[in-house]
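Structure record follows, encoded as structure tokens.
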Amino acid sequence: MSAAVDSKLEALTQLEQNLNAAPVQRLHHASIDSSGVEVFIKREDLLHPIISGNKWRKLKYILQHALGSGAEHLISMGGPWSNHLHALSFVGQQLGIKTTGIIRGEMPTNKSATLQDMQRWGMDLLFVSRAEFRELRNFHAHDSQPGLDYDGYWIPEGGASTLALKGVAELTDEIGEVKFDTITLACGTGTTLAGLASAAKQNQFLGFAALKGADFLCDDVASLLPSEKHNWSINLDYHFGGFAKTEQRLFDFMLAFETQTSIPLDPIYTGKMMFGLFELIKQGYFASGHKILAIHTGGLQGRAGFQLQSG
Ligand SMILES: Cc1ncc(COP(=O)(O)O)c(C=O)c1O
């Protein structure tokens, strides 16, 4: 291995060593405290101010593989508020490696706070039509287009790759000895859910889809797992109209949640997941004595795209 590769891998190790703890905390909230159900939260949002939540977990082994293969350019895709590209551009800057983000839609006159950060951290931004963007979703391998076209290492949207599963699986080691009956999390591509379900021995997982009409997620997750794994399911009811769509009742819930718990949520993923979880608890979906762990998958930078005000 060349000295340049060694030093980049060393920088990645340093980045990991400097991450904060992501503790499991008991959640107290007036609307669930008397439900007979115990709810805990795994604060993956605290890992790092930027590569927080599932971003670090998903990128860790992708980055290790890319750097180890001598890649000098990482290229990936996402929307103008992408948590994934936001984290990737930051890591690229930290590791001294060129990054390119292919962004869905026309270049906006006023760039989102996310796009501005990405540019500040040195990411080249390429804006493509929605049709071209959809086409790019067909490429999964690191040595497929458009990585090949741009002489780079291709990372699929959201970091959805088998290497991501390995990083996410490490999260289960940190959950500790407490036996949770159900572990909940938000789903976009379903990669994080698949990574957790692949590693878990005794837990049952419940994903909440952040997108509308996301039945396909079940096939996607199943395709990433051995056929004998049946320790997961996905609730499709709390998308609030679609990906990144919101309603005032979601904001009201998130703000009340933050007031009571001091834990911020994002409106795209974790807010919808927590709203759905609280609704199910109120409907008596979980038996009394049930122990639930909700995973806070981060994404807080995305809050800047919303006017979070109570109605
Ligand atoms: C904050 C946050 N939570 C959850 C998810 C969903 O993760 P996945 O695409 O692995 O289902 C994402 C997307 O990557 C995300 O940014």
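The values are calculated or read from the model by the stated rules, or taken from the named source; none is laboratory data. Computed from a prediction, not measured in an experiment: that's the story for all the values here. FYI the Cβ positions are ideal-geometry reconstructions off the backbone, even for glycines, and counts take in every protein chain you see.
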Reported set for the range 137-169 where residues are of a type in the set (D, E, K, R) and loosely packed, with under 15 Cβ neighbours inside 10 Å is ARG137, ASP143, ASP149, ASP151
Checked against (1) surrounded by fewer than 22 Cβ atoms within 10 Å (Cβ to Cβ); (2) under 17 Å from ILE292 (Cβ atoms), PHE205 satisfies every condition except (1)
Scanning the range 70-88 residue by residue, those of a type in the set (Gly, Ala, Ser) and in contact with a strand residue (DSSP E or B) (Cβ under 7 Å, 6 or more places away or on another chain) turn out to be ALA71, SER76, GLY78, GLY79
Only one of ASP237, ASP266 is assigned to a loop (DSSP other than H, G, I, E, B), more than 12 Å from the ligand (Cβ to nearest atom) and under 27 Å from LYS58 (Cα atoms), namely ASP237
Screening ALA113, ALA141, ALA87, ALA71 for residues that are outside the structural domain of GLU38 (by TED's automatic domain parsing), closer than 22 Å to ASP220 by Cβ and away from the ligand (no atom under 13 Å from the Cβ) leaves only ALA141
LYS245 passes all but one of the listed conditions (1) within 16 Å of the ligand (Cβ to nearest atom); (2) basic (Lys, Arg); (3) within 21 Å of PHE205 (Cβ to Cβ); the exception is number (3)
Quick count over the range 37-51, residues being of a type in the set (A, V, I, L, M) and assigned to a loop (DSSP other than H, G, I, E, B), is 4
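Every residue, every condition in (1) within 24 Å of ILE281 (Cβ to Cβ); (2) modelled with pLDDT of 95 or more; (3) touching a helix residue (DSSP H, G or I) at 6+ places or on another chain (Cβ under 7 Å); (4) not aliphatic (A, V, I, L, M), yes or no:
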{"site": "LEU185", "(1), (2), (3), (4)": "yes, yes, yes, no"}
{"site": "THR191", "(1), (2), (3), (4)": "no, yes, yes, yes"}
{"site": "ALA194", "(1), (2), (3), (4)": "no, yes, yes, no"}
{"site": "ALA209", "(1), (2), (3), (4)": "yes, yes, yes, no"}
{"site": "PRO226", "(1), (2), (3), (4)": "no, no, no, yes"}
{"site": "HIS230", "(1), (2), (3), (4)": "yes, no, no, yes"}
{"site": "THR246", "(1), (2), (3), (4)": "yes, yes, no, yes"}
{"site": "PHE251", "(1), (2), (3), (4)": "yes, yes, no, yes"}
Listed by range, helices (runs of 4 or more DSSP H) wholly within the range 96-174 having at least 3 residues that are touching a residue at least 12 places away in the same chain (Cβ under 8 Å) and touching a helix residue (DSSP H, G or I) at 6+ places or on another chain (Cβ under 9 Å) are 113-120, 162-173
For the range 273-305, the count of residues that are within 16 Å of the ligand (Cβ to nearest atom) and either modelled with pLDDT under 95 or out of contact with any helix residue (DSSP H, G or I) (no Cβ under 7 Å at 6 or more places or on another chain) (or both) equals 8
